[in-house]
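Shown next, in structure tokens, is the structure this report addresses.
Values quoted throughout were computed directly from the atomic coordinates according to the rules given, and no laboratory measurement underlies them. In this text the structure is predicted, and so the values were computed from the model without any measurement. Here the Cβ positions follow ideal geometry from the backbone for every residue, glycine too, while neighbour counts run over all protein chains shown.
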Amino acid sequence: MDGPSGAGKSTVARTLALELGALVVPTDHFATWDDPVSWWPRLVEGVLDPLARGETGRYRRTDWTDGWPKPGDWLTVDPPEVLIVEGVSSARRSIAPRLDLAVWVDGPDETERLERAVRRDGERSRAHLRRWQEFERGWFAVDDTRSRADRIV
């Protein structure tokens, strides 16, 4: 479940997870303001690889409680019937062969997505969210994520 910040990915993923009885692992559990996407090996090694072997995964999530990322709790992930990885870069080109389905969530224009994200994360995160939007524009252009999606919502 990929797409730009503030598009509604988390809402779509939660709704789908309820319908399917699926487990959601958000990329927000890994990303930080300073590290929007290079954390990916932690997700692969801690969650995707163990689950692919039928084993329990484990990772330390990023705690965003106060709007600034810090190390959070360790989480265990038992192998689910359906796993939804949700967030910016979750359908990245490098993981495409391992995905059963890549969903791109389109949202409103960038200004409205920024306002949605600020309402979610707080006013003090506005400057970080603007930098994040600049980063993701470049990321999605290079990765060509939207055009490779199986479904666009």
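Tilt of helix 126-143 relative to the longest C-alpha principal axis of the chain, in degrees (0 to 90, nearest 10)?
For 126-143 against the chain, the angle is about 60 degrees.
Among residues other than Ala91 whose Cβ falls under 14 Å from its Cβ, what is the net charge (Lys/Arg +1, Asp/Glu -1)?
Neighbourhood net charge equals -1.
Once amide H atoms are built 1.01 Å from N in the peptide plane, which residues 5 or more positions from Phe30, or in another chain, come under 5 Å H to H?
Close amide H contacts, sequence-distant or interchain: Thr62.
Per DSSP H run of at least 4 residues, take -39500 (n - 2.57); add these up for the chain, divide by its residues and hand me the 222 nm value, nearest 500 deg cm²/dmol.
-10000 deg cm²/dmol
Could you give the nm distance between label points at Val44 and Ser94, where each point is 7 Å from its Cα heading toward the beta carbon?
0.5
Mind checking the full-extension length gain between Arg124 and Leu75? Use 0.36 nm per residue of separation minus the Cα-Cα distance, one decimal, nm.
14.9 nm
Just add up the charged neighbours of Leu18: K/R +1, D/E -1, any other residue whose Cβ is under 14 Å from the Cβ of Leu18.
It works out to a net charge of -2.
What are the ³J(HN,Hα) couplings of the range 55-65, residue after residue, when phi is run through the Karplus curve with 6.51, -1.76, 1.60 and θ = phi - 60°? Round to Hz, x for glycine and proline.
Running phi through 6.51 cos²θ - 1.76 cosθ + 1.60 with θ = phi - 60° gives 9, 6, x, 8, 7, 9, 7, 7, 9, 9, 3 Hz.
Please sort 29-36, 133-140 by packing, taking for each peptide the average over its residues of neighbouring beta carbons within 10 angstrom, highest first.
29-36, 133-140
I need the GluC sites (Glu not before Pro) found in the range 1-92, filtered to DSSP loop residues with at most 10 other beta carbons within 10 Å of theirs.
Listed in order of number, the matching sites are Glu81.
So what's the net charge close to Tyr59: Lys and Arg +1, Asp and Glu -1, counting the other residues with Cβ under 12 Å from its Cβ?
Combined, the nearby Lys, Arg, Asp and Glu give +1.
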